[in-house]
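What follows is a set of notes on a single structure, which appears directly below.
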Amino acid sequence: MTVFNSVRGRSMIDLKEDMKQAEVWLDNTEGEMSEDQLIYLAATGFEDCPDFCGSKKYCKDEACSCIRATFPTPDHYHLYLLMRSQAIEWLKQGIIANAVSKEAFSNEKCQEKFK
Ligand SMILES: [Zn+2]
């Protein structure tokens, strides 16, 4: 009974603490994150919640402990999201450019065949 209460009490404190930290984080505008790190994450993609995320369930949007652990402020996270969508665009364009050049190559082959 005592053990149960202490475990339960502790998880309540952790939950409150997590929510409090999320509030603080959402208001935070000061924090350091290297450009290299942001670029790396934008290029590779940041997995915000790899598995089950208890924090995401009760913290406000985009303020779970996974995101807070990686990004010092919401501004950094939003900058990452912008950079990530740009990186995805570039990747798509890369794939399209690759497909086009392959098509051009096979057309060339076809033309050779019909000579
Ligand atoms: Zn999470």
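Bear in mind these aren't lab numbers, they're just calculated from the coordinates by the rules spelled out. The shown structure was predicted, so the numbers you read here are calculated from the model rather than taken from an experiment. FYI the Cβ positions are ideal-geometry reconstructions off the backbone, even for glycines, and counts take in every protein chain you see.
A count restricted to segment 63-87 and to residues that are aromatic (Phe, Trp, Tyr) and near the ligand (Cβ under 9 Å from one of its atoms) stands at 0. Filtering segment 41-62 to residues that are near the ligand (Cβ under 9 Å from one of its atoms), touching a Ser or Thr at 6+ places or on another chain (Cβ under 9 Å) and in a loop (DSSP other than H, G, I, E, B) leaves ASP48, CYS49, CYS53, CYS59.
Restricting the first member to segment 10-27 and to residues that are of a type in the set (A, V, I, L, M), and the second to residues that are surrounded by 11 or more Cβ atoms within 10 Å (Cβ to Cβ) and not in a helix (DSSP H, G or I), the beta-carbon pairs closer than 8 Å and six or more apart or on different chains are MET19/CYS59; ALA22/CYS59; ALA22/LYS60; ALA22/ALA63; ALA22/CYS64; LEU26/LYS60; LEU26/ALA63.
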